[in-house]
1. Do we find that Ala596 is exposed (fewer than 14 other Cβ atoms within 10 Å of the Cβ), assigned to a helix (DSSP H, G or I) and touching a residue at least 24 places away in the same chain (Cβ under 8 Å) in this structure?
2. Could you tell me which of the residues Leu470, Leu450 is closer than 20 Å to Thr425 by Cβ, touching a Cys at 6+ places or on another chain (Cβ under 8 Å) and assigned to a helix (DSSP H, G or I)?
3. Quick check on segment 32-78: of everything there that is β-branched (Val, Ile, Thr) and surrounded by fewer than 22 Cβ atoms within 10 Å (Cβ to Cβ), which residue is farthest from Ser120 (Cα to Cα)?
4. Any residue in segment 494-514 that's of a type in the set (Asp, Glu): show its pairings with residues that are open to solvent by 30 Å² or more (accessible area, probe 1.4 Å) at Cβ separation under 9 Å, as long as the two are six or more apart or on different chains.
5. Just give me the residues in segment 310-354 being charged (D, E, K, R) and either more than 15 Å from Asn387 (Cβ to Cβ) or out of contact with any helix residue (DSSP H, G or I) (no Cβ under 9 Å at 6 or more places or on another chain) (or both), in sequence order.
6. Take the conditions within 25 Å of the chain's Cα centre (by Cα) and either buried (at least 16 other Cβ atoms within 10 Å of the Cβ) or small (Gly, Ala, Ser) (or both) and apply them to Ala335. Does it pass?
7. Only residues that are open to solvent by less than 40 Å² (accessible area, probe 1.4 Å) and more than 25 Å from Ala133 (Cβ to Cβ): list them for segment 205-234, please.
8. Determine whether segment 566-589 contains at least one residue that is more than 24 Å from Cys454 (Cα to Cα), open to solvent by less than 50 Å² (accessible area, probe 1.4 Å), touching a residue at least 40 places away in the same chain (Cβ under 8 Å) and among the β-branched types (Val, Ile, Thr).
Amino acid sequence: MDNLSDALKKLKLTAADSTSDSLEGCLDCLLQALAQNNMETSEKIQESGILQTFASLLTAQSSCMAKVAHIIAEVAKNEFMRNSCVDAGLIQPLVQLLNCRDQEVLLQTGRALGNICYDSHEGRNAVDHAGGAQIVVDHLRSLCTVTDPANQKLMTVFCGMLMNYSNQNDSLQAQLVNMGVIPTLVKLLGIHSQNSALTEMCLVAFGNLAELESSKEQFASTNIAEELVKLFKKQTEHEKREMIFEVLAPLAENDIIKFQLVEAGLVECLLEIVHHTVNSDKEDEVAELKTASDLLVLLLLGDESMQKLFDGGKGSVFQRVLSWLPSNNHQLQLAGALAIANFARNDGNCIHMVDNGIVQKLMDLLDRHVDDGNVTVQHAALSALRNLAIPVVNKAKMLSVGVAEEVLKFLQSEMPPVQFKLLGTLRMLIDAQAEAAEQLGKNVKLVERLVEWCDARDHAGVMGESNRLLSALIRHSKSKDVIRTIVHSGGVKYFVTMATSEHVIMQNEALVALGLIAALELGTAEKDLENAKLIQVLHRLLSDERSAPEIKYNSMVLICAVMASEPLHKEVQNLAFLEVVSKLCSHENKTVAQQALLTEQRLAVES
């Protein structure tokens with residue numbers, strides 16, 4: 001370290017004479033010391049105050065510029081030195097050096113700026129202010145077709161510099177996207193795919209930019225899908241494939257890129273990975289199986305890519321996915337069920353799948369998970385059944401093979417995601433299916449559970465779906481027995497609350513159910529309707545100008561229906577409904593105006 005102290009003293013003295021041999025010797029001494037003990041040497045350099053001297057050496061157009069940049073690159077490996085480099089005014093002269101033609105100077109300057117930017121807000125700001133990123137992007141654009149090793153090394157450094165510059169910084173990433181860096185990097189990946197260091201740096205840069213929404217459009221206009229799949233096929237190492245996966249996952253969120261990836265043959269690669277890793281218990285292969293199957297499911301979220309892979313139910317990918325359901329591997333069961341839920345996004349596919357026995361496969365899968373509580377598989381299989389139950393022609397077929405009974409096995413689940421899908425599946429199944437609605441509506445255990453979930457305030461989705469299913473049981477069965485079961489289980493008050501929902505569809509469903517209760521079992525429900533303050537709610541709905549026409553209409557139908565109850569009739573009289581209804585006689589919606597006239601007459605007669 002004595003040599004180092006001497007070199008630092010000498011450097012201060014000789015810095016003015018940038019041509020002297022002793023200057024070169026001092027710089028060599030510093031580089032040697034940094035190679036032996038970087039941190040300690042960096043501390044000495046910081047204490048000596050020599051960093052400011054480097055700024056003048058960088059602007060002196062001397063032969064030692066590369067060595068000075070090299071020293072800065074080495075000291076900036078230490079976090080504590082990055083701000084010192086910025087404070088010493090080194091960024092502007094370094095950025096100026098990016099205009100130099102000397103390859104070694106460019107290489108060391110790129111390293112220096114990249115290291116200063118690493119995890120340093122101040123470093124990035126200073127490089128941004130000095131316009132360094134644009135110069136580097138321009139260099140990459142002009143160099144990307146040159147394939148000699150020295151040039152590839154320089155491009156690797158420049159890619160790394162841009163990565164450090166923009167890492168986890170949305171505004172700087174957006175800036176690079178606006179500079180057009182993406183098409184350049186994609187081109188670079190295609191030309192230099194044999195160079196592993198450069199390829200890796202490209203992938204890291206892609207991973208950095210791919211999360212950004214604005215970048216996906218630019219990626220979609222390049223042949224990134226083709227290049228990544230080509231690269232993926234060459235990889236034998238797990239780590240390299242993992243790097244490509246990290247780029248593919250965010251890119252595949254874009255529907256255009258999803259389709260491009262499918263066209264480029266990514267799905268075949270993913271199926272190959274699944275085939276090779278399915279029986280492995282090695283940690284990295286288990287992780288790779290999950291990544292590959294998750295990505296395949298993600299690709300199916302795009303309508304075009306999903307339809308291409310379904311191929312009228314004849315697609316080899318669709319067939320392979322079906323074979324995952326009876327597998328003993330939970331990850332594959334999950335991916336298989338999610339994939340079917342994604343294939344079941346239009347009526348044609350749903351009808352084909354139900355006609356070809358998919359429902360039984362899903363029920364068998366659910367049966368295997370009734371007791372083990374694997375929430376993700378339960379949730380996925382129920383999602384698939386719910387989607388399959390949407391087309392009208394599928395409902396009766398699914399009910400006839402016992403889907404409702406299978407779903408009810410999960411009634412005791414304490415997991416909100418499973419509860420939510422269970423409710424949605426039953427609601428879809430009984431839509432316009434009177435017999436099934438009556439059968440389920442008379443199931444006391446089910447109705448009591450629904451009433452309990454109507455109060456699940458911590459889980460708005462479960463609460464909303466419970467209300468809707470309870471209402472659907474009445475609306476589709478129109479059964480006195482169902483109404484009595486719901487009244488005795490304490491469900492009536494929830495319809496009154498539901499009538500005040502912020503969602504018109506839920507308000508309407510509640511009012512129609514209440515209308516049927518009033519028409520078919522008013523005596524049984526009278527006390528509950530009174531306690532739930534139904535009449536006040538109806539008055540509010542009719543008085544509120546924001547209420548939708550169908551809400552006003554059904555509220556008036558309900559008013560007429562409850563007049564048959566003495567206590568409710570009294571409440572109607574006490575609240576001056578006539579005045580509110582009279583105003584609605586001139587409502588712009590003819591159906592509302594007509595019902596208002598009828599209601600007005602009824603109120604006048606009964607008053």
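1. no
2. Working: Leu450 fails: touching a Cys at 6+ places or on another chain (Cβ under 8 Å).
Just a single option satisfies the conditions, and that option is Leu470.
3. Of the residues in segment 32-78, the ones β-branched (Val, Ile, Thr) are 41, 45, 50, 53, 59, 68, 71-72, 75.
Within this subset, residues satisfying the condition of being surrounded by fewer than 22 Cβ atoms within 10 Å (Cβ to Cβ) are 50, 53, 59.
On the way: Ile50: 21, Thr53: 22, Thr59: 24 Å.
Here the residue is Thr59.
4. Glu509/Arg468; Glu509/Arg475
5. Asp311, Lys314, Arg320
6. Details: within 25 Å of the chain's Cα centre (by Cα): yes; either buried (at least 16 other Cβ atoms within 10 Å of the Cβ) or small (Gly, Ala, Ser) (or both): yes.
Judged against the criteria, Ala335 is a match.
7. Taking segment 205-234 as the starting set, the residues that turn out to be open to solvent by less than 40 Å² (accessible area, probe 1.4 Å) are 205-210, 212, 215-216, 219-220, 222, 224-225, 227-229, 231-232.
Those that are open to solvent by less than 40 Å² (accessible area, probe 1.4 Å) and more than 25 Å from Ala133 (Cβ to Cβ): Ala225, Val229, Leu231, Phe232.
8. Yes, segment 566-589 contains a residue that is more than 24 Å from Cys454 (Cα to Cα), open to solvent by less than 50 Å² (accessible area, probe 1.4 Å), touching a residue at least 40 places away in the same chain (Cβ under 8 Å) and among the β-branched types (Val, Ile, Thr).
The values are calculated or read from the model by the stated rules, or taken from the named source; none is laboratory data. These numbers come from a predicted model, not from an experiment. Note: ideal-geometry Cβ built from the backbone for every residue, glycine included; neighbour counts use all protein chains shown. Heads up: the accessible areas ignore ligands, DNA and RNA and are worked out on the full protein's heavy atoms, side chains in. Shrake-Rupley method; radii C 1.70, N 1.55, O 1.52, S 1.80 Å.
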